[in-house]
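The values are calculated or read from the model by the stated rules, or taken from the named source; none is laboratory data. Given the structure is predicted, the values throughout are model-derived calculations rather than measurements. Because the Cβ atoms are built from the backbone with ideal geometry, glycine has one as well, and the counts that use them run over all protein chains shown.
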């Protein structure tokens, strides 16, 4: 079963509660099958949708929506040497480049072929692509850290290490964290780790001792993080 473009648009609109035109832009971008896209390509799609004007506004809105959900990320960064998601600089103008997180690309492939948005299928496909042999254990670890995430959005290094220990993960945990970052599953969240410690200490016991903080991909875990708190 391969879903039609119209069916995909309906699902994406429902899944992310976005405008139908924005949902169409998202679908057409993913159907192109590219890991990197330019604002010029986004604008071209928007012009095909809004022929009577307003294409640029639609293109800009689409980039903001996709970045917000972590469906797509600007390659430009605010500070050199840091590629964490909240350090990305979105400048929706001609020439700007964006990247699709690897696991999001896999998730969309399964959505198109099976009509299912599943982080498990996406992560498994990613693990196979990097020849990771502990796939089921890692899926169990990710399931646990998502369930134990703070504010349905953040997970600490301590939580990841504890989950790995609980599931008898035999590999190097720091190497696993690097793989999760590379796949677009999590991203370091230095902004909150450094500047919001007092806030987090009010709600998270022993936060200051929990190590680095990571942000979960909102789109990938849309069903699990559907009530996420905006900070």
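Details
- Within the range 1-12, tally of residues that are over 17 Å from the mean Cα position of the chain (by Cα) and closer than 21 Å to residue 223 by Cα: 6
- Of all the criteria given as (1) surrounded by fewer than 21 Cβ atoms within 10 Å (Cβ to Cβ); (2) modelled with pLDDT of 95 or more; (3) not in a helix (DSSP H, G or I), the one not satisfied by residue 40 is (3).
- For the range 1-32, the candidate set comprises residues that are touching a residue at least 60 places away in the same chain (Cβ under 8 Å) and exposed (fewer than 14 other Cβ atoms within 10 Å of the Cβ); within that set, the residue that is farthest from residue 99 (Cα to Cα) is 1.
- Among the helices (runs of 4 or more DSSP H) confined to the range 72-148, the ones with at least 3 residues that are within 22 Å of residue 37 (Cβ to Cβ) are located at 102-114, 119-129.
- Residue match in the range 182-191 (condition: in the same structural domain as residue 130 (by TED's automatic domain parsing) and at pLDDT below 80): yes
- Every residue from the range 1-23 that is part of a helix (DSSP H, G or I) and under 12 Å from residue 112 (Cβ atoms): 5, 7, 8, 9, 11, 12
- The residues of the range 134-175 that are farther than 22 Å from residue 226 by Cβ, at pLDDT below 95 and buried (at least 16 other Cβ atoms within 10 Å of the Cβ), listed by number, are 134, 157.
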